[in-house]
Amino acid sequence: MILRYFTLALLSFLFVSCTSYAPRLDSSFTPSPDTVVVYGQLKFVDNSNVGASAYSGYRMALRLSNEETKKPLYIRFTKTETISCASIPAGHYKLTGFVATDNSDRILGGKIFGPEDKINIQFATEPNTAIYVGDFYGYVKYYVYGDLTTVETGLTMVTNNFSASTPIFHQKYPNLASMPVRSAFETSGK
C-alpha cells in the first residue's frame, strides 16, 4: 500500500516537473529580433464554497502543443489582467486544451479538446511576430464537504475578438506595439 502511494506521488511529481510554462511578459518587456509572442484575453473566475471569500490558490493555463516536438507548452490564465501575453519558441502550434493547477503547479483538472469542442486553433510562428490566440474565459470551483474536497474546472467562452483585443494588447505592451500582429483564427496553421 505504501509503495503504491509512493509510486503515485513520484509519477505526479515527474508529470508536474515536466510541465513547461511559457514566460509571461510584463508591460515593460522589450523584444529581441527573434521574439515570438502570443496574446489574448485569458481570464478565469475562482469560485469556492469555503467561507465568505474565494480560495485564491488556483491557476489556469491554455495547453498548446508544438507540432514538431509534440511537447506541450502552457500559457497561464490570470484573474486580474485584461490581456495576457507570453513568449514562446518559434514553431507550429495547436491549441489542445487547458489545465487548472494549485499554487505548486500540481495539475488538478482540465480538458484535452476533442472534436465535440469545435476548437481548432492552429498557427505557425515567425520571429518578431505577435499572434492573437483568442479570448478565453474559464472557472475553477472548489468545494469542501466535510473531509471531501472537489475541484471542478471549465471554459465558459472562447471567442475570436482580434479587432477589440489587439488595441488593448498594444496599449498594455507599448514596446510590442511595433511588432506585426496576426490572428491564429485567420491562418491555416502551416
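Taking all protein chains together and a 1.4 Å probe, the residues ASP34, ASP117 rank ASP34, ASP117 from largest to smallest accessible area.
Once the Cα-Cα distance is subtracted from the 0.36 nm per residue extended length, the GLU67 to TYR21 segment shows a gain of 14.9 nm.
Once you've got the Cα coordinates, tell me which of LYS43/LYS172; LYS71/LYS141; LYS70/LYS141 are over 20 Å apart. Beyond 20 Å: LYS71/LYS141; LYS70/LYS141.
Quick one: pull the percent of accessible area on the range 52-137 belonging to carbon and sulfur, 1.4 Å probe, ligands and nucleic acids left out. Ligands and nucleic acids excluded, carbon and sulfur reach 50 percent. Classification of the range 110-190 by its C-alpha gyration tensor yields a prolate form. The axis ratio a/c (a ≥ b ≥ c) is 1.5 or more, and a/b outweighs b/c.
Taking amide hydrogens as placed 1.01 Å from N in the peptide plane, the amide H of PHE77 sits under 5 Å from those of MET60, ALA61, LEU62, each at least 5 positions away in sequence or on another chain.
Under 5 Å between amide hydrogens, built in the peptide plane, is the criterion, and for GLY91 it picks out THR125 among residues at least 5 positions away or on other chains. Placing +1 on each Lys and Arg Cβ and -1 on each Asp and Glu Cβ, with no other charges, gives the range 64-156 a dipole about its Cα centre of roughly 60 debye.
The values are calculated or read from the model by the stated rules, or taken from the named source; none is laboratory data. Because the structure is a prediction, the values reported are computed rather than measured. Neighbour counts are summed over all protein chains in view; Cβ atoms, including those assigned to glycine, are modelled from backbone coordinates with ideal geometry. Each accessible area value is taken on the protein alone, full model and side chains, heavy atoms only, with ligands, DNA and RNA left out. Shrake-Rupley method; radii C 1.70, N 1.55, O 1.52, S 1.80 Å.
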